Amino acid sequence: MSIIPITVPTGAIRYNTDSNKMECFNGTKWYEISVSNPDLNGGSRGLFMGGENPSRLNTIDYVTISTAGNATDFGDLVDTRSNPAAFASSTRAICAGGETPSTVATIDYVTISSTGNAADFGDMTAARKRMNQQSGSNQTRGLFCGGNPDTNLVDYITIASTGDAVDFGGDLTSAGTWGGNVTSPTRVIIGGGFPSTTANMQFVNIATTGVNFVNFGELVDGLWGLSAANNAVRGIWAGGLNPSAVTTIQTMEMASLGNAQKFGDLSVAVAKHGATTSPTRFITGGGDASGATNTISYITIETQGDSVDFGDLTVARNHVEATSNAHGGL
C-alpha cells in the first residue's frame, strides 16, 4: 500500500490491509493513527457543553471522570446554545450546531487540557440542531450526523485542523434527530431517534466517505432523547423517551453486529441529557427529570448494575451535550 493516489486529500483516513492499522494522509505521506489510551496527566476529563434552563446557556463544565465530585466551570462557548453536537480527540473538544434560538452551523473548539473560552473552528455544511449524542469521532475525524430540520445529512471535519465541514458523501438510513451515538476507532454507531421513535441501530466506517449507514441491530426499546457513550469495547445507551422518560441502561459490543441488552437502570428517569466515558466509567449529566436537573451519575462499564451519584453540574440544564478526551473512539 505504498502508492498514493494523486486525488487523496490532506486529512484522509484509510484502513491499511497490510498492517491492519488505521492511517491518516498529511498531504505527502500516510501516518499510522495511534489507538492507545493517551497519558491524560491527571485523569480522563469530561466536558458538558451548552443547554438550557429555560434560557439557553454558553456554559462549559468539566469533571475528572475517575474522581466523583461536582463539576467545575471550564469557560464559555462562542455563543449561547442548546441542542448542539459534540465530540473530541484526546486533545481537542468540538461543539457544533444547535439553537440560539436560531438554528446555527457554527463549530467551536476548546483545548481539553486547559480551561478557557471556545474559539471558532468553522461551519457545518448546513445549519441544524438536535444532533445531541448523534455525532461522534475517532482521534482524527469527527462526523456530524442528522439533525433538525430533519435530515439524513452527514458532514465531517479533521479535528486537528480548523475550517468548514465537508459532506461525507453517505447518508443516514433515514432522517432523524435525538438518537444516541457510540464510536470505536473505526465505526460510528447511532441508535434510536425521532421523529419516528425507533429502536434501530445503524453504523458506518469513519474512514470511508461516500458510503451510507447500514443496519447494526436493535436497541432494547425504541427511544429518542437518550444519551450514549462507550469505552473501547462496550457501547452504552441510557434514559430517553417513549413517550415518557425511562431509567433503562442498555449495552452492546461494538466490534460485532447485534442487538443491545439490558445493563441496569439510572437512579431517575431522564432524557435530553449528555453522556461520555473514560475507559472504565460511563457518566451522564443534566437533562429532563421532572424539570431540568444538575445531577451527574455514573456506572462502571465492566460491571452490570444501576447508576450511582457522581456529583452536580454547575447549573441545572437540559438539551446539554457531553464529550471527553478518553472515550472509546480514541
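Do any strands (runs of 3 or more DSSP E) entirely within the stretch 151-230 hold 3 or more residues that are over 15 Å from the mean Cα position of the chain (by Cα), and if so, which? Spell out how you get there, then give the answer.
On the way: elements: 154-158, 180-183, 187-191, 198-205, 214-223, 227-230.
It comes to 198-205, 214-223.
Yes or no: Ala86 touching an Asp or Glu at 6+ places or on another chain (Cβ under 8 Å), in a strand (DSSP E or B) and touching a residue at least 12 places away in the same chain (Cβ under 8 Å)?
Working: touching an Asp or Glu at 6+ places or on another chain (Cβ under 8 Å): yes; in a strand (DSSP E or B): yes; touching a residue at least 12 places away in the same chain (Cβ under 8 Å): yes.
Here the answer is yes, as Ala86 does meet what is asked.
Among the residues in the stretch 215-223, are any among the hydrophobic types (A, V, I, L, M, F, W, C) and in contact with a Phe, Trp or Tyr (Cβ under 7 Å, 6 or more places away or on another chain)?
Applying the first criterion (among the hydrophobic types (A, V, I, L, M, F, W, C)) to the stretch 215-223 yields 216, 219-220, 223.
Add one more test, that the residue is in contact with a Phe, Trp or Tyr (Cβ under 7 Å, 6 or more places away or on another chain), and what stays is 216, 219.
Yes, the conditions are met somewhere in the stretch 215-223.
State all residues of the stretch 116-127 that are aliphatic (A, V, I, L, M) and either outside any loop (DSSP other than H, G, I, E, B) or at pLDDT below 95 (or both); if no residue qualifies, say none.
Start the filter on the stretch 116-127 by keeping residues that are aliphatic (A, V, I, L, M), which leaves 118-119, 124, 126-127.
Within the stretch 116-127, Ala119 is the sole residue that qualifies.
It is to be established whether one or more residues within the stretch 257-264 are at pLDDT below 95 and buried (at least 16 other Cβ atoms within 10 Å of the Cβ).
No - not one qualifying residue is present in the stretch 257-264.
Take Gly287 and decide whether it is crowded, with 24+ Cβ neighbours inside 10 Å, small (Gly, Ala, Ser) and under 21 Å from Thr198 (Cα atoms). Even if it seems obvious, please write down each step before you answer.
Working: crowded, with 24+ Cβ neighbours inside 10 Å: yes; small (Gly, Ala, Ser): yes; under 21 Å from Thr198 (Cα atoms): yes.
Here the answer is yes, as Gly287 does meet what is asked.
Looking at Ser113, Ser66, which one is under 30 Å from Thr300 (Cβ atoms) and either out of contact with any Gly (no Cβ under 6 Å at 6 or more places or on another chain) or in a strand (DSSP E or B) (or both)?
Details: Ser66 fails: either out of contact with any Gly (no Cβ under 6 Å at 6 or more places or on another chain) or in a strand (DSSP E or B) (or both).
Only one candidate passes the filter, namely Ser113.
Any residue in the stretch 128-148 that is over 17 Å from the mean Cα position of the chain (by Cα) and either modelled with pLDDT under 95 or farther than 19 Å from Thr323 by Cα (or both)?
Restricting attention to the stretch 128-148, the residues satisfying the condition of being over 17 Å from the mean Cα position of the chain (by Cα) are none.
The answer is no; no qualifying residue exists.
Tell me the residue from Asn148, Asn181, Asn117 that is buried (at least 24 other Cβ atoms within 10 Å of the Cβ) and either in contact (Cβ under 8 Å) with a residue 12 or more places away in the chain or not assigned by TED's automatic domain parsing to the domain that holds Gly225 (or both), please. Spell out the reasoning first.
Values: Asn148 fails: buried (at least 24 other Cβ atoms within 10 Å of the Cβ); Asn117 fails: buried (at least 24 other Cβ atoms within 10 Å of the Cβ).
So the residue among Asn148, Asn181, Asn117 that is buried (at least 24 other Cβ atoms within 10 Å of the Cβ) and either in contact (Cβ under 8 Å) with a residue 12 or more places away in the chain or not assigned by TED's automatic domain parsing to the domain that holds Gly225 (or both) is Asn181.
Residues that are touching a Lys or Arg at 6+ places or on another chain (Cβ under 7 Å) and among the β-branched types (Val, Ile, Thr): does the stretch 276-298 have at least one? Full working, then the answer.
Taking the stretch 276-298 as the starting set, the residues that turn out to be touching a Lys or Arg at 6+ places or on another chain (Cβ under 7 Å) are 286-288, 292, 298.
Right, trim to among the β-branched types (Val, Ile, Thr) and you get none.
No, there is no match, as no residue in the stretch 276-298 is touching a Lys or Arg at 6+ places or on another chain (Cβ under 7 Å) and among the β-branched types (Val, Ile, Thr).
The values are calculated or read from the model by the stated rules, or taken from the named source; none is laboratory data. Worth saying up front: this structure is predicted, and the values here are computed from it rather than measured. Glycine gets a Cβ as well: all are built from the backbone with ideal geometry, and neighbour counts include every protein chain shown.
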